[in-house]
Amino acid sequence: MGRYVVRRLLQAIPVLLGTTFLIFTLVYWLPGDPIQALAGDRAVDPVFRATMREMFHLDDPLVVQYGYYIQGIFSGDFGTTFRGLPVSTIFEGKFQITLNLAMTALVIEAIVGIGLGLVAALRRGKATDTAILAFTLLLVSIPTLVSGFVLQLVLGLQLKTSTGIDFFPVAGTSAGWRSYLLPGIVLAGTSIAYLTRLTRTSLMETLRADYVRTAIAKGMPRRRVLGRHALRNSLIPLVTYLGADLGALMSGAVITETIFNLNGIGRQLVDSVYLSENSVVVGIVTVLVLIFIAANLIVDLLYAVLDPRIRYE
Amino acid sequence: MSDTLTEQKPKSVKPPKQKKPASLWSDAWYDLRRSKVFIIAAVMIAVLVVMSIIPGLFSSVNAFDPSTCDLTKARQGVSGLHWFGTDNQGCDTYSRVIYGARISIMVGVFSTLVTTLIGGLLGLLAGFYGRWTDTILSRVAEIFFAIPSTLGALLILALVGRDNAGIWTVVLALSVLAWPMVLRIMRAAVMSAKSQDYVLAARALGAGPGRLMSRHILPNAVAPVIVVATMNMGVFIAAEAALSFLGVGIQSPDISWGLMIADARNRFLQAPEALLFPALFLSLTVLAFVMLGDAVRDALDPKLR
């Protein structure tokens, strides 16, 4: 186990370096002079240009520039924009909002997904099962772009105007945890469908296992067989899926945050794209990719802990 | 007794005589033709494809012609003249939705083609040759795979710039990050096919690597790739709409459902039709491809047989 963890960690390093280098190269290989862009159409003072180029290591080879950048990241410094604002100050508070949103989505996803999957597996082949499968098909087909606006209109506004229930705020984070409910549902949408299907297949598989048959044969109550034997064993792939999904949800929050006006990292990314603040864009994408990789790594390790049947050398 | 026996005999012999040795493909096609989901999906996709090739069949208004828009009639509701209402510029939403199908279908089809060809070819090579070919290709794929694709596509398109953005840059941006998934699936399928007896037999008979790959391994490893490719088509279409919505994908005057949603966004509450109809078509298109993928998977997955 220990050796596996070490090996897995070592394996993650080239991926991390490769991915960050890829992103870095993409951004800095592009034509255009960022210093000139600062000045617009006016001529740039050559001394200022030289100082700026020196400051941002623009005259060094790409690999050296990347070296400086990665060195900064490991000491928590994401560089500064060409306008002189440290990228980490732009990040402040925004990661919290995106994390809150992703966590809300994860909780909704876990409750709804596992619940629906459980019901479908127990009612296998019956009308309920078919209905749930059809529902997941529908859920997968509705992009967040669509569900976001539709739920905003129906739950956020029409519910309020027709019944007076003002439970789902449609924008901003001023209403505390409730502000995350509607965007959370929207963000969780597709993942709910996948989790439902995963729960269904996983549980159906364990329900067929010999130990479940034995438990039923020895007269154990059905509820207890389900809880102690079947569910517990089919939870393993679900937990790992949920873990890996946290990273995906955080990077998928871009659209949801834009629709619901949440001032998180995703919206900042879109804003920075508009303003061509490349250093911010690279910073955000790098951090999100790091989270994505870390989540997958943790899940891989968790798999070995959760399922003692899996042995890694 | 003897009578019934002689009567029964030809009955029990007949079916195996008539049946040709069914391949995975003919079995799958047999299943597909009987699947309701497949038929519904195929009809929807056929309509969408016709819509994207000859939009004039569905709408008498040419949505690319700005003179058909009337600013004095902006943001009207559903009416006999404008089935889906009008947008901010007073353009007919129905005809724009019809003309918008082309971009979605094209992005879906071409992104799938590019990723399947690149990922499939590299996966075939990695799986077949193994050793350092596999190590290098898999490591490179891992690096690309670690970047979430919408995020990566957003980054690429943002850097390319709005002036250069168009359908081909969107296809490129989506494909660059999506091919590793195909590679992984193809590689796994090739690796399991490679050690099968019939492949070993062909090798023993002196078949070269090219022949082994094209005649023996590929036909038996391509099924899971086809399943993923069909499912990906819907994902790409949704991603294109998302990127266009964020302003980095398709640019006006081209018509894309994502772009229409972005345009209608600010007046959403006053004129929801302009947003809801492209959204509906987007969902229906994705649904059609998801259903197709589901049906194809059910037909091709031997485990479910």
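Exactly one of these conditions fails for A:Leu242: (1) within 9 Å of chain B (Cβ to nearest Cβ); (2) open to solvent by 20 Å² or more (accessible area, probe 1.4 Å); (3) modelled with pLDDT of 85 or more. Give me its number.
(1)
Considering B:Ala274, B:Ala207, which residue is within 14 Å of another protein chain (Cβ to nearest Cβ) and either open to solvent by less than 20 Å² (accessible area, probe 1.4 Å) or at pLDDT below 85 (or both)?
Matching residue, one of B:Ala274, B:Ala207: B:Ala274.
As an exercise: evaluate B:Gly293 against (1) surrounded by 21 or more Cβ atoms within 10 Å (Cβ to Cβ); (2) within 13 Å of the chain's Cα centre (by Cα); (3) away from every other protein chain (no Cβ under 14 Å) and give the number of the one condition it does not meet.
The number of the failed condition is (3).
Are any of the residues in segment A:209-225 within 14 Å of another protein chain (Cβ to nearest Cβ) and acidic (Asp, Glu)?
No, the conditions are met nowhere in segment A:209-225.
Taking only segment B:146-164 into account, find how many residues are open to solvent by less than 20 Å² (accessible area, probe 1.4 Å) and in contact (Cβ under 8 Å) with a residue 60 or more places away in the chain.
Residues flagged as open to solvent by less than 20 Å² (accessible area, probe 1.4 Å) and in contact (Cβ under 8 Å) with a residue 60 or more places away in the chain within segment B:146-164 amount to 3.
Which residue is most open to solvent (accessible area, probe 1.4 Å), if the candidates are limited to segment A:192-227 and must be farther than 28 Å from A:Thr104 by Cβ and among the small types (Gly, Ala, Ser)?
A:Ala217
Looking only at segment B:37-62, how many residues end up being open to solvent by 50 Å² or more (accessible area, probe 1.4 Å), in a loop (DSSP other than H, G, I, E, B) and in contact (Cβ under 8 Å) with a residue 40 or more places away in the chain?
Number satisfying all stated conditions: 1.
Could you please tell me which pairs satisfy a Cβ distance under 9 Å, a separation of 6+ or placement on different chains, a first residue in segment A:111-140 that is within 16 Å of A:Ser191 (Cβ to Cβ), and a second residue that is modelled with pLDDT of 85 or more and in a loop (DSSP other than H, G, I, E, B)?
Within 9 Å, no pair qualifies.
If I ask for residues that are within 22 Å of B:Ala229 (Cα to Cα) and surrounded by fewer than 22 Cβ atoms within 10 Å (Cβ to Cβ), which ones from segment B:165-176 would you list?
B:Ile167, B:Trp168, B:Thr169, B:Leu172, B:Val176
For a quick check of your reading of the model, give me the residue pairs whose first member lies in segment A:244-271 and is assigned by TED's automatic domain parsing to the domain that holds A:Asn100 and aliphatic (A, V, I, L, M), whose second is part of a loop (DSSP other than H, G, I, E, B) and open to solvent by less than 10 Å² (accessible area, probe 1.4 Å), with beta-carbon atoms closer than 6 Å and at least 6 apart or on different chains.
Here the result reads none, with nothing in segment A:244-271 linked to a residue that is part of a loop (DSSP other than H, G, I, E, B) and open to solvent by less than 10 Å² (accessible area, probe 1.4 Å).
Residues that are within 14 Å of chain A (Cβ to nearest Cβ) and surrounded by fewer than 24 Cβ atoms within 10 Å (Cβ to Cβ): does segment B:184-191 have at least one?
Within segment B:184-191, one or more residues are within 14 Å of chain A (Cβ to nearest Cβ) and surrounded by fewer than 24 Cβ atoms within 10 Å (Cβ to Cβ).
Considering B:Ser244, B:Ser252, which residue is more than 9 Å from chain A (Cβ to nearest Cβ), open to solvent by less than 20 Å² (accessible area, probe 1.4 Å) and over 16 Å from B:Gly77 (Cβ atoms)?
That would be B:Ser244, the only listed residue that is more than 9 Å from chain A (Cβ to nearest Cβ), open to solvent by less than 20 Å² (accessible area, probe 1.4 Å) and over 16 Å from B:Gly77 (Cβ atoms).
Residues to consider are A:Ala230, A:Ala294, A:Ala253; find the one that is surrounded by fewer than 20 Cβ atoms within 10 Å (Cβ to Cβ) and either within 14 Å of chain B (Cβ to nearest Cβ) or assigned to a helix (DSSP H, G or I) (or both).
A:Ala294
Kindly check whether there is at least one residue in segment A:274-290 that is open to solvent by 20 Å² or more (accessible area, probe 1.4 Å), without any contact (Cβ under 8 Å) to a residue 24 or more places away in the chain and either more than 21 Å from B:Phe145 (Cβ to Cβ) or hydroxyl-bearing (Ser, Thr, Tyr) (or both).
Yes - at least one qualifying residue is present in segment A:274-290.
Would you confirm whether any residue within segment B:137-151 is more than 14 Å from chain A (Cβ to nearest Cβ) and of a type in the set (A, V, I, L, M, F, W, C)?
no
Looking at segment B:119-136, is at least one residue within 14 Å of chain A (Cβ to nearest Cβ) and either touching a strand residue (DSSP E or B) at 6+ places or on another chain (Cβ under 9 Å) or open to solvent by 60 Å² or more (accessible area, probe 1.4 Å) (or both)?
Scanning segment B:119-136, I find at least one residue that is within 14 Å of chain A (Cβ to nearest Cβ) and either touching a strand residue (DSSP E or B) at 6+ places or on another chain (Cβ under 9 Å) or open to solvent by 60 Å² or more (accessible area, probe 1.4 Å) (or both), so the answer is yes.
Among the candidates A:Leu262, A:Leu269, single out the residue that is closer than 19 Å to A:Leu145 by Cα, within 11 Å of chain B (Cβ to nearest Cβ), surrounded by 23 or more Cβ atoms within 10 Å (Cβ to Cβ) and aliphatic (A, V, I, L, M).
It is A:Leu269.
Among the residues of segment A:1-16, count how many are of a type in the set (Gly, Ala, Ser) and exposed (fewer than 13 other Cβ atoms within 10 Å of the Cβ).
The qualifying residues number 1.
Taking the options B:Ile105, B:Ile143, name whichever one is open to solvent by 10 Å² or more (accessible area, probe 1.4 Å) and either in contact with a His (Cβ under 6 Å, 6 or more places away or on another chain) or at pLDDT 85 or above (or both).
When all the criteria are applied, what remains is B:Ile105.
Of the conditions (1) assigned by TED's automatic domain parsing to the domain that holds A:Gln152; (2) within 29 Å of A:Gln152 (Cα to Cα), A:Val281 satisfies every one except a single condition; which number is it?
All conditions pass for A:Val281, except number (1).
The values are calculated or read from the model by the stated rules, or taken from the named source; none is laboratory data. Quick caveat: nothing in here was measured; it's all calculated off a predicted structure. As a convention, Cβ positions derive from the backbone with ideal geometry for all residues, glycine included, and neighbour counts pool all protein chains shown. Calculation scope for accessible area: heavy atoms of the full protein, side chains included, ligands and nucleic acids excluded. Shrake-Rupley method; radii C 1.70, N 1.55, O 1.52, S 1.80 Å.
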